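Step one of this worksheet: look at the structure below.
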Amino acid sequence: MTSTPRTATPRHVVVMGVSGTGKSTVADAIAARLAGTLVEGDSFHPQANIDKMAAGMPLDDDDRRPWLQSLARKITRMDAEGKTGVIACSSLRRLYRDWLRLGVQELFFVHLHTDYDVLDERMSQRRGHFMPPSLLKSQFETLEMLEEDELGLQIDVRHTPQAVVTRALEALAVAGLPPRGDEERDPGLIWRP
């Protein structure tokens, strides 16, 4: 899915999706290939958000807004410095993606997606992450797919990580953001639970 008219070539990529889709794995590989700066969205959460999720409570818009606005400021700073940013961030609703676009309109969204059962299995194997598998259902309920006017594409993560990254890079090249980084950095990609 790509947007209709664009005013500029995107410089920044947001790897989005519900928990367990491999956002960090894919974002890291894309950042390497684009010679971009990897930004782990979870590291921008205030401690109150992390505590809330760790307790099994889903975040609401009031919790997410300051988090996403701080990410938007980071994107704006990278843009002003001429850097390419690759941001791993759930970006579940259109409103959240709009908040990310506050400073830089031309963001390219790589939406990682698959069936609930696949992700539930992955998350049940994950250790040491603050997001419990019990919140996956609320994330699916919150999720709004990319709309026609949003630049990006959806990729099924049942494929190998290499195939997902290759598909994302092909779409980014078409959008005007071709690879220019280290192809050798991602030869052994695996899904990190």
> Can you pull out the residues in region 36-60 that are surrounded by fewer than 18 Cβ atoms within 10 Å (Cβ to Cβ) and part of a loop (DSSP other than H, G, I, E, B)?
Replying inline: P46, A55, G56, M57, P58, D60
> When both residues are 6+ apart or on different chains and their Cβ atoms are under 9 Å apart, which pairs have a first residue that lies in region 131-145 and is within 15 Å of D115 (Cα to Cα) and surrounded by fewer than 16 Cβ atoms within 10 Å (Cβ to Cβ), and a second that is at pLDDT 95 or above and among the polar types (S, T, N, Q)?
Replying inline: M145/Q154
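In region 17-30, what count of residues is obtained for those that are farther than 11 Å from P179 by Cβ and either of a type in the set (A, V, I, L, M) or without any contact (Cβ under 8 Å) to a residue 40 or more places away in the chain (or both)? If you could, list the steps in order and put the result at the bottom.
Taking region 17-30 first, the residues farther than 11 Å from P179 by Cβ are 17-28.
Going one step further and asking which of them are either of a type in the set (A, V, I, L, M) or without any contact (Cβ under 8 Å) to a residue 40 or more places away in the chain (or both), we end up with 18, 26-27.
Going through region 17-30 one residue at a time, the tally reaches 3.
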>> Taking the conditions exactly as written (open to solvent by less than 10 Å² (accessible area, probe 1.4 Å), not in a helix (DSSP H, G or I) and not basic (K, R)), does V26 satisfy them or not?
In response: no
> Among (1) touching a strand residue (DSSP E or B) at 6+ places or on another chain (Cβ under 8 Å); (2) under 17 Å from A31 (Cα atoms); (3) open to solvent by 20 Å² or more (accessible area, probe 1.4 Å), where does Q154 come up short?
Replying inline: (2)
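Just to be sure before I move on: is I75 touching a His at 6+ places or on another chain (Cβ under 6 Å) and not in a loop (DSSP other than H, G, I, E, B) in the structure I sent? Walk me through it before giving the result.
Working: touching a His at 6+ places or on another chain (Cβ under 6 Å): yes; not in a loop (DSSP other than H, G, I, E, B): yes.
When the stated conditions are applied, I75 passes them.
Regarding G82, is this residue at pLDDT below 95 and within 12 Å of the chain's Cα centre (by Cα)?
On the way: at pLDDT below 95: yes; within 12 Å of the chain's Cα centre (by Cα): no.
So G82 fails the test.
Residues being in a helix (DSSP H, G or I) and either open to solvent by 40 Å² or more (accessible area, probe 1.4 Å) or modelled with pLDDT under 95 (or both): count how many of those fall in region 88-114.
Of all residues in region 88-114, those in a helix (DSSP H, G or I) come to 94-100.
Checking the rest, the ones that are also either open to solvent by 40 Å² or more (accessible area, probe 1.4 Å) or modelled with pLDDT under 95 (or both) come to 94-95, 98.
Of the residues in that region, 3 qualify.
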>> Within region 115-130, take every residue that is modelled with pLDDT under 70 and outside any helix (DSSP H, G or I) and give me the one that is surrounded by the most Cβ atoms within 10 Å (Cβ to Cβ).
In response: H129
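The values are calculated or read from the model by the stated rules, or taken from the named source; none is laboratory data. The structure presented is a predicted model; accordingly, all values stated were derived computationally and were not measured. Quick reminder, even Gly has a Cβ in these numbers, built from the backbone with ideal geometry, and neighbours come from all protein chains shown. Quick note on the areas: whole protein, heavy atoms, side chains included, nothing else; ligands and nucleic acids left out. Shrake-Rupley method; radii C 1.70, N 1.55, O 1.52, S 1.80 Å.
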